[in-house]
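K.L.:
The structure is given below, and queries will be raised subsequently.
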Amino acid sequence: MTTPGGDADAAPDAARAPDTAATADRGAELARILLAEAREELVKADNKAGLMLASLGASLTALLGAIGSGVIVPRGYAVVPQLLLWVGCAACVPAIVLLGLAVTPRLGKSHHFRTHYFGDVRLAMSVTHLERTVRRTDPVSRDLSQLAALSQIVWTKYRCIRHALAWSTAFYTLTLLGIVTGAST
């Protein structure tokens, strides 16, 4: 089959031969898109962890305030409600630690001979050294390096958030169950 203005044999060969420059450009563009998405997810993870940490802190403060003011008197509860209350409070500790780990900045390992991150720039011995490393740095390699590092960081943050959510659920459930059953006895 021939195409208008073309040779019958030219069309299949052109369709089979990939344009390496276009493929490289598409790969670089995809790396930039994925890097932007990873950065967005990093901000979302930090916001989620910060909000959860603030909520958990406020709940714990309210609980301790109620206990301190005498509104809730765990010593007057039966053994089981008191145990539920204190085990629930103990579950708050790993939740706070995990959320603290989620919001902790992760800097990664800096290198003297590349400029992929701000930490790499910090290690430059001089402006001339920085200029040389910037000129040697391949933008696609930089994007891929950042994508790999940020993806791992985001994955770690979300894993901490998921585990903290489970511990927070245990805190709220057990503590409220202890308060309700203790108050009714």
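K.L.:
Provide the gained length on full extension for the span LEU176 to VAL97, in nm with one decimal, where the gain is 0.36 nm per separating residue minus the Cα-Cα distance. Don't skip to the answer; put the middle values down first.
P.N.:
Working: separation 79, 0.36 × 79 = 28.44 nm, distance 2.12 nm.
Full extension from LEU176 to VAL97 adds 26.3 nm.
K.L.:
Most fluctuating residue of LEU64, LEU35, LEU174 in a GNM of the chain with Cα springs under 10 Å: which is it?
P.N.:
Largest GNM mean-square fluctuation: LEU64.
K.L.:
Go ahead and set up a Gaussian network model of the chain, Cα springs under 10 Å, then flag whichever of ASP19, ASP46, ASP143 fluctuates most.
P.N.:
With Cα springs under 10 Å in the chain, the top fluctuation among ASP19, ASP46, ASP143 is at ASP19.
K.L.:
Which residue, ALA102, ALA21, ALA170, tops the fluctuation ranking in a GNM of the chain built on C-alpha contacts under 10 Å?
P.N.:
Judging by the Gaussian network model, the answer is ALA21.
K.L.:
Continuing with the same structure: With label points built 7 Å along Cα→Cβ from the Cα atoms of VAL134 and ALA36, find their separation and express it in nm.
P.N.:
My value for the distance between the label points is 2.3 nm.
K.L.:
Taking 35 Å as R0, compute the FRET efficiency from the Cβ-Cβ separation of ARG106 and THR185 and round it to 0.05. List each step's numbers first, then the result.
P.N.:
Details: r = 47 Å, r/R0 = 1.35.
Using R0 = 35 Å, I get an efficiency of 0.15.
K.L.:
Further question: Could you give the dipole magnitude of the range 32-184 about its Cα centre, charging the beta-carbon of Lys and Arg +1 and that of Asp and Glu -1, in debye to the nearest 20?
P.N.:
380 debye
K.L.:
May I ask you to sort LEU84, LEU101, LEU51 by Cβ crowding, counting other Cβ atoms within 10 Å and putting the fewest first?
P.N.:
Values: LEU84 22, LEU101 17, LEU51 11.
With the fewest neighbours first, LEU84, LEU101, LEU51 line up as LEU51, LEU101, LEU84.
K.L.:
Still on this structure: Rank VAL121, ALA66, SER55 by how far each Cα sits towards the positive end of the charge dipole of the chain (+1 on Lys, Arg Cβ; -1 on Asp, Glu Cβ) and give me just the farthest.
P.N.:
So the residue we want is ALA66.
K.L.:
Take every Cα-Cα pair in the chain and report what % of them are more than 21 Å apart.
P.N.:
Numbers: 11568 of 17020 pairs.
Distances greater than 21 Å cover 68 percent of the Cα pairs.
K.L.:
Follow-up. How far is helix 127-136 tilted, in degrees, relative to the longest principal axis of the Cα atoms in the chain, given as a value from 0 to 90 rounded to the nearest 10?
P.N.:
Tilt relative to the chain: about 70 degrees.
K.L.:
First measure r as the distance between the Cβ atoms of ALA58 and ALA28, then evaluate 1/(1 + (r/R0)^6) with R0 = 41 Å and state the FRET efficiency to the nearest 0.05.
P.N.:
Values: r = 45 Å, r/R0 = 1.11.
Efficiency for this residue pair is about 0.35.
K.L.:
Within the range 136-176, list the residues whose amide N lies under 18 Å from a label point set 7 Å along Cα→Cβ of LEU123.
P.N.:
136-139, 141-150
K.L.:
Starting from the Cα-Cα distance between THR169 and THR20, subtract it from 0.36 nm times their residue separation and give me the gain in nm to one decimal. Walk me through the numbers before you get to the answer.
P.N.:
Details: separation 149, 0.36 × 149 = 53.64 nm, distance 5.21 nm.
Here the answer is 48.4 nm.
K.L.:
How large is the charge dipole for the range 64-134, taken about the Cα centre, if only the Cβ atoms of Lys, Arg (+1) and Asp, Glu (-1) carry charge, to the nearest 20 debye? Mind dumping the intermediate values first?
P.N.:
Details: 6 positive and 2 negative charges, 29 e Å.
Around 140 debye, computed over the range 64-134.
Computed from the coordinates by the stated procedures, all read-outs in this text should not be read as laboratory data. Everything quoted here is computed from the prediction, not taken from an experiment. Here the Cβ is made from the backbone with ideal geometry for all residues, glycine too, and neighbour counts use every protein chain on show.
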